[in-house]
Amino acid sequence: MGDVSPPEEIPIRDEADVVRARIRAREWAARLGFSLVDQTKILTAASELARNTLIHGRGGRCFVSVLERNGRVGLSMAFEDRGPGIQDVGKALEDGFSTAGGLGLGLGGARRLLGDLTVESRMGEGTRVVGIKWR
Amino acid sequence: MERIPILKVGPYLLVTIQVDMHDRLAMALQDDLMSAIQRTGAHGVLLDISALEIVDSFIGRMLGNIASMSRVLDAETVVVGMRPAVAITMVELGLSLAGVRTALNVDQGMELLARPGKEGRGGADCG
Amino acid sequence: MAEKRWAGLGEILLDKEKSILKTWVQEQDRIGTLRPDLMSEADLAQEGAEFLRLLGRGMAAAQSEDLGDPAWEPLRVFLEKVSRDRGRRGFGPSETAGFVFALRRVLLEELKGSKEAEARSMEVVSAGIMSLLDRLGLLTFEHYLKGREEIIARQQQELLELSTPVVKLWDGILGLPLIGTLDSARTQVVMESLLMKIVETGSEVAIIDITGVPTVDTLVAQHLIKTVAAARLMGAECIISGIRPQIAQTIVHLGINLSDVPTKSTLADAFRLALARIGGGPRPQKEG
């Protein structure tokens, strides 16, 4: 699996950055030729994960890059923060969430949208979430 | 900061969301809308999201909040114009708009508001 | 080694282009790779001349018969173009590669009579040419195949799009008759197009008829359910009709929950339900 391009770094410091991350994700997805529905999934996942980084992670960074494996092209988005960390990653991945504003982090949803999602987290140190959608 | 315009259409209020929503804008919209409902005595609110490319959990919550708050003020809310790609993504995401009715466009939204209301479509329980 | 491997041969090609071209066309005719029905003689002659010219120049400059040598680039690019073009025109694979292979014999004959051949051992020279032309022939073949694959993929996509007819049954009611076995990819395309049509026409009800579908597997069933859920989110309703007892059994067997989805066994029943849903009468059109 190789990085086709150096990752583009997008800071996530405030709400405007969440919007910016979404816009960049859309531009990348369109450039890579994803279908409209797939683009929407990528954007939505990016928005969820960026917001997580902002709210739960207390701000951080996002790295967008293009990957290639076995002739397939993939868009990778990595979200890093130095926040409190996630206590139970397994549970966070399972949670759905409701509009009642539950604590669901939406990680399970993001995984369903992208197909490939890994989470690394250490209490008190931070979290790194990497989501990849393959074309 | 720009605010989202609220129009009066007959006995209803129409809100067309065309920009990227963020926290402060959403709060401002909710405030403005509740004042408008009180001021005009409108019994229905149409939220036009046909320009939205995505509905994530944040926006989903906002729509739900608007519906709940409006109901307290005796106004029903209908969300109209959801794009297919957005609907498909929301289903995949497991996002439900329970308690929020939906219609394909403003016209059908107004018809829905005119009918005696009950818990309508919009709650999508995706297995 | 400073000695250019092909020096001299390249010049022969440039010198004797016309006669080599003539013999080459004859050779293609002899081995049966000419297709006058697909390509005019004039076009063929032009292609051939260009090929010989580029081959000659390559030979004059290249250090080896490794096609990675930059001196071969113009020839490689040209061959790719020719192969894809022939693929599009309908040439078969051997007919396309024959373009190159026919040249082997012709060049050998030509060399026998040349000074170059005398100066160096005939075997070395001919082995070199064989090797070079073999590589070029294989390259042609590869490009041809790639070009064909792309054409087929595109045709499949077009076919997929054409075979997903959504019909208007009534003001506000759409019908989607699904026919034949459904695979996951096709179902997805079909469902997306149904949702688009719902928005375009402002139809509140869509009837998905699966009378013509022999079996439904888990993936297809899931797509159906997701589509129904998506339509509902948008403000429309889907009714699934034509569920035969066998399919009903399969669905229960697979543990799929259809309790949220309105289903009817016949299209007529589904239509009646749809009419009731829209309350009868003409619908206002979606504003432009």
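FYI, it's all coordinate maths here, none of it is from the lab. Worth saying up front: this structure is predicted, and the values here are computed from it rather than measured. Using ideal geometry, Cβ is built from the backbone for each residue, glycine included, and neighbour counts are taken over all protein chains shown.
Given R₀ = 45 Å, what would the calculated FRET efficiency be for A:Glu94 paired with C:Met196, taking r from the Cβ atoms and rounding to 0.05? Calculated value: 0.85. With the Cα gyration tensor of the range C:147-288 giving a ≥ b ≥ c as the square roots of its eigenvalues, does the rule (a/c under 1.5 for rounded; else a/b larger than b/c for prolate; else oblate) give rounded, prolate or oblate? Oblate, since a/c reaches 1.5 and b/c is not below a/b. Near the amide H of A:Asp116, within less than 5 Å, lie the amide hydrogens of A:Ile132, all on another chain or at least 5 residues away, with H placed in the peptide plane.
In this structure, the pairs whose alpha-carbon distance is over 30 Å, taken from C:Lys168/C:Lys264; A:Lys91/C:Lys226; C:Lys81/C:Lys197; C:Lys197/C:Lys264; C:Lys146/C:Lys197; A:Lys133/C:Lys168, are C:Lys81/C:Lys197; C:Lys146/C:Lys197; A:Lys133/C:Lys168. Of A:Gly106, A:Gly71, A:Gly33, the residue with the greatest mean-square motion in the GNM of chain A, using alpha carbon springs below 10 Å, is A:Gly71.
Residue ranges A:120-133, B:76-89 sort as B:76-89, A:120-133 when ordered by packing (mean number of other C-beta atoms within 10 Å per residue, highest first).
On the basis of the beta-carbon distance and an R0 of 41 Å, C:Ala153 and B:Arg39 show a calculated FRET efficiency of 0.10. In chain A, helices alone account for a calculated mean residue ellipticity at 222 nm of -12000 deg cm²/dmol, with every DSSP H run of four or more residues adding -39,500 (n - 2.57). Protection proxy ranking for C:194-202, A:10-18, using the average of other Cβ atoms within 10 Å per residue and placing the highest first: C:194-202, A:10-18. Taking every residue in C:252-265 and counting other chain Cβ atoms within 10 Å of its Cβ, the average works out to 1. Note on the protein assembly as shown: Cα-only Rg and Dmax are 32.3, 106 Å.
This ranking places A:Asp38, C:Asp217, A:Asp88 by how few other beta-carbon atoms lie within 10 Å of each, fewest first, which gives A:Asp88, C:Asp217, A:Asp38. Averaged over the residues of B:49-57, the number of partner chain Cβ atoms lying within 10 Å of the residue Cβ comes to 6. For a quick check: with amide H placed at 1.01 Å from N, whose amide H comes under 5 Å from C:Val213's, ignoring anything fewer than 5 positions away on the same chain? Close amide H contacts, sequence-distant or interchain: C:Gly180.
Determine which residues of the range C:190-223 fall in the zone a paramagnetic label at C:Asp269 would reach in this model, i.e. backbone nitrogen under 16 Å from the point 7 Å along Cα→Cβ. The answer is C:207-212. Label point of C:Lys16 set 7 angstrom out along Cα-Cβ; within the range C:131-154, amide nitrogens under 17 Å from it belong to C:133.
Database remark: amide H of B:Tyr12 closer than 5 angstrom to no amide H (H placed geometrically; neighbours at sequence offset of 5 or more, or on other chains; Pro and chain starts carry no H). Classify the range A:1-66 as rounded, prolate or oblate, taking a ≥ b ≥ c as the square roots of the eigenvalues of its Cα gyration tensor: rounded when a/c is under 1.5, otherwise prolate if a/b is larger than b/c and oblate if not. Cα axes put the range A:1-66 in the oblate bin.
Residues C:Tyr144, B:Tyr12, ranked from the fewest to the most other C-beta atoms within 10 Å, line up as B:Tyr12, C:Tyr144.
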